[in-house]
Ligand SMILES: [Zn+2]
């Protein structure tokens, strides 16, 4: 029996900010709602590892919505603040952490069991 591998990327909102950004529709700096998104790779719905951070923005003046904007310095004037404040949630590293533990724990216990010289 062959079980299909269900994998892909998912995203969750990890933060909310308001900041002045240049709106392509209004063509001036306006206040925008910024939703910070953590994207992660999953296998069978279980998070494997984060793949990046993006943002969805909404212009407060005209309502223009822009999705999946990469979190980059040239787009967000407060990029350093956003990057340091919003981290990927710990559980987005779930399978990767579990895999590393599976490899490292036997090595650790083997070192503990080794007789002293
Ligand atoms: Zn606008």
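Since every read-out is calculated from the coordinates, none of them should be taken as a lab result. Quantities reported herein were computed from a predicted structural model and do not represent experimental measurements. When we count neighbours, we look across all protein chains shown, and the Cβ atoms used for this are built from the backbone with ideal geometry, even at glycine.
Quick check: from the Cα gyration tensor, does the stretch 7-113 come out rounded (a/c under 1.5), prolate or oblate?
In terms of gyration-tensor shape, prolate.
Tilt of helix 94-113 relative to the longest C-alpha principal axis of the chain, in degrees (0 to 90, nearest 10)?
30 degrees
Expressed in nm to one decimal, what extension gain is obtained for the pair residue 49 and residue 113 from 0.36 nm per residue of sequence separation less their Cα-Cα distance?
Extra length available between residue 49 and residue 113 comes to 19.8 nm.
Tell me the label-point distance for the pair residue 65, residue 90, using the 7 Å Cα-to-Cβ offset, in nm and rounded to one decimal.
3.3 nm
7 Å from Cα along Cα→Cβ at both residue 80 and residue 102: what's the point-to-point distance in nm?
It is 4.1 nm.
Could you give the length gained by full extension between residue 27 and residue 41, i.e. 0.36 nm per residue of separation minus their alpha carbon distance, to one decimal place?
1.5 nm
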